[in-house]
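Heads up, the thing below is written out as structure tokens.
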Amino acid sequence: MNFKMSKDTLFDMTNKLKPLIARKHTKYQLVIHVEVQVACVIYKLSHGSSLLMCNELFAINKSTIVLVIFKVVRAINIKCSRLGIHG
């Protein structure tokens, strides 16, 4: 899989976003690992892939992918605003 960024950059980004994204497993719902969420969103945004393609690559339900995209992009925006970076 080509994310159009190095592994180190992807892991660094994941570590910086983890406090904003991470959740704990509950009795009724398993949590998707932060690394998988960030990788899925980076892949989707960098390739313009369909939800179906992301579903097949990351084994995440299409409706969940939409929620993951919103959550990760929101975390990126929060992190950027804290650093004084405005798009």
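Under 9 Å between Cβ atoms, which residue pairs at least 6 apart in sequence (or on different chains) link something in the stretch 20-31 that is without any contact (Cβ under 8 Å) to a residue 12 or more places away in the chain with a partner that is small (Gly, Ala, Ser) and surrounded by 10 or more Cβ atoms within 10 Å (Cβ to Cβ)?
Close Cβ pairs satisfying both conditions: Val31/Ala22.
Could you list all residues from the stretch 40-87 that are basic (Lys, Arg) and either at pLDDT 90 or above or within 11 Å of the chain's Cα centre (by Cα) (or both)? Break it down into steps so the answer makes sense when it comes.
Of all residues in the stretch 40-87, those basic (Lys, Arg) come to 44, 62, 71, 74, 79, 82.
Scanning the stretch 40-87 gives Lys44, Lys62, Lys71, Arg74, Lys79.
Could you tell me which numbered condition Gly84 fails, if it satisfies all but one of (1) in contact (Cβ under 8 Å) with a residue 40 or more places away in the chain; (2) exposed (fewer than 10 other Cβ atoms within 10 Å of the Cβ)?
(1)
If His33 passes every condition in (1) within 21 Å of Asn77 (Cβ to Cβ); (2) within 10 Å of the chain's Cα centre (by Cα) but one, which one does it miss?
Condition not satisfied by His33: (1).
How many residues does the stretch 35-70 hold that are surrounded by fewer than 17 Cβ atoms within 10 Å (Cβ to Cβ), hydroxyl-bearing (Ser, Thr, Tyr) and part of a helix (DSSP H, G or I)?
3
If a residue must be surrounded by 10 or more Cβ atoms within 10 Å (Cβ to Cβ), assigned to a loop (DSSP other than H, G, I, E, B) and polar (S, T, N, Q), how many such residues does the stretch 11-33 contain?
So in the stretch 11-33, the residues surrounded by 10 or more Cβ atoms within 10 Å (Cβ to Cβ) come out as 11-23, 31-33.
Filter again for assigned to a loop (DSSP other than H, G, I, E, B), leaving 22-23, 31-33.
Subset that is polar (S, T, N, Q): none.
Of the residues in the stretch 11-33, 0 are surrounded by 10 or more Cβ atoms within 10 Å (Cβ to Cβ), assigned to a loop (DSSP other than H, G, I, E, B) and polar (S, T, N, Q).
The values are calculated or read from the model by the stated rules, or taken from the named source; none is laboratory data. All of these numbers come straight from a predicted model, not from anything done at the bench. All Cβ positions, even for glycine, are placed from backbone atoms using ideal geometry, and neighbour counts span all protein chains on display.
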